[in-house]
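Notes to accompany the following structure.
The values are calculated or read from the model by the stated rules, or taken from the named source; none is laboratory data. Small disclaimer: the values here were computed from a predicted structure and weren't measured. Don't worry about glycine lacking a Cβ; one is built from the backbone with ideal geometry, like all the others, and counts go over all protein chains shown.
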Amino acid sequence: MSSSATPGERYREGLALLPNWNEQGEEDDARYQRGLALITEAAEAGHLDAIKDLADGMAREASFEWSVKLAALGDVGPLLSNITSGDYPDEQSRAVFAAARSGVPWAQLAVGRLYRMGMRDRGGVLIATRDDAFGCLPGAADPQAEGFAWLKRAHAAGWTAATLWLADTLRHEEPVRALEYARATLAGSGPLMPSERVRACKVLAELLDESDAPLAERVTLYTRLAEEGDADAHVWLGDRCRLGEGGAVDLAAARAHYERGADAGFTEAMRELGKMCEAGHAGPVDIDRAVELYKNAAEMGNDAFARDRLATQFGLTWYARQSQESGQL
């Protein structure tokens, strides 16, 4: 490959070189090493997908080191997996805890999430663990509270990924505080992976729904999510367009949103798109497509409307629901 190749080009060529899992032999080993070298070059140049692959185990013995680098960029997931796997020396896990105590925010986020995974009692000593795979943290009388305290330390240091985790942690118990944290996540300047920024939008949008916030703000967030490819957002926007909430009824826009949601397997989108196809709303009447959509909604989501429609309108009685009173068809 040319020395002027971009990190993305190196990463893609490296992936293409990797043999399948069942391919073995000297030639395949050599291909793997060449592919790994290119992916490592891409990672060293800052390519996030390359770094994540190496952190997820591709780098083998060096995966822990790469997971630390990824954690410093805002994603502690692979680091937690590596710590809890028991495949690496305890010294590496203890180094993460030492970094947290010294005030490193990504390490504080990692420690907070580790404590919140749960605890096991070994010989009367509480130690953080998952499936008894490790014991790298000091015991805590209340590991959930201990984890929350570490998350708050990372948040106070401006670590946006920790702010998002606080929003997610509190969304059911303290929705008002969770809403504050969700807003702060999107307003923050700390590192946040693109996928986590999308998740932050989704958490905030759902919290706004639950708090019955002004519709305009929710539409803005769900539109942003839809532009990112979130199928659930397309269903939400389809409902608003179909019902005329926040503006005039727009059946063409509703149908377009439901198409995206149905393609992603959302039962609600299949049902509503089936209705539109059957009635000819924002497009021609298409009974065959309507029946297909109702079948998918019935079979994938056990949708009551779809089952009733198939049974009563199209004679497909095997979709009929059992009577709750008699238990008979």
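The table for this structure:
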quantity: Where a residue in the stretch 109-121 is closer than 15 Å to D168 by Cα and its partner, wherever it lies, is in a helix (DSSP H, G or I) and hydroxyl-bearing (S, T, Y), with Cβ under 8 Å and at least six apart; calculated: R116/T169; M117/T84
quantity: Of all residues making up the stretch 161-216, the number that are buried (at least 20 other Cβ atoms within 10 Å of the Cβ), touching a residue at least 60 places away in the same chain (Cβ under 8 Å) and either among the polar types (S, T, N, Q) or assigned to a helix (DSSP H, G or I) (or both); calculated: 1
quantity: Residue count for the stretch 59-95, restricted to those that are touching a residue at least 24 places away in the same chain (Cβ under 8 Å), in a loop (DSSP other than H, G, I, E, B) and not β-branched (V, I, T); calculated: 5
quantity: Residue check, A140 modelled with pLDDT of 90 or more, farther than 19 Å from R171 by Cα and out of contact with any Pro (no Cβ under 8 Å at 6 or more places or on another chain); calculated: no
quantity: Residue match in the stretch 212-223 (condition: small (G, A, S) and closer than 30 Å to T169 by Cβ); calculated: yes
quantity: Residue identified as closer than 30 Å to P214 by Cα, surrounded by fewer than 21 Cβ atoms within 10 Å (Cβ to Cβ) and of a type in the set (A, V, I, L, M, F, W, C) among A279, A252, A311; calculated: A252
quantity: Which listed residue, of T6, T40, is surrounded by 15 or more Cβ atoms within 10 Å (Cβ to Cβ) and either more than 20 Å from E196 (Cα to Cα) or of a type in the set (A, V, I, L, M, F, W, C) (or both); calculated: T40
quantity: Criterion (of a type in the set (D, E, K, R) and within 30 Å of W159 (Cβ to Cβ)) met by exactly one of E13, E26, E41; calculated: E41
quantity: Where G86 falls short, out of the listed (1) more than 26 Å from R199 (Cβ to Cβ); (2) among the small types (G, A, S); (3) at pLDDT 95 or above; calculated: (3)
quantity: Hits in the stretch 78-108 - residues which are of a type in the set (G, A, S), surrounded by fewer than 18 Cβ atoms within 10 Å (Cβ to Cβ) and more than 11 Å from L137 (Cα to Cα); calculated: S81, S85, G86, S102, G103
quantity: Qualifying residue in the stretch 276-298 (condition: touching a Cys at 6+ places or on another chain (Cβ under 8 Å) and modelled with pLDDT under 95); calculated: yes
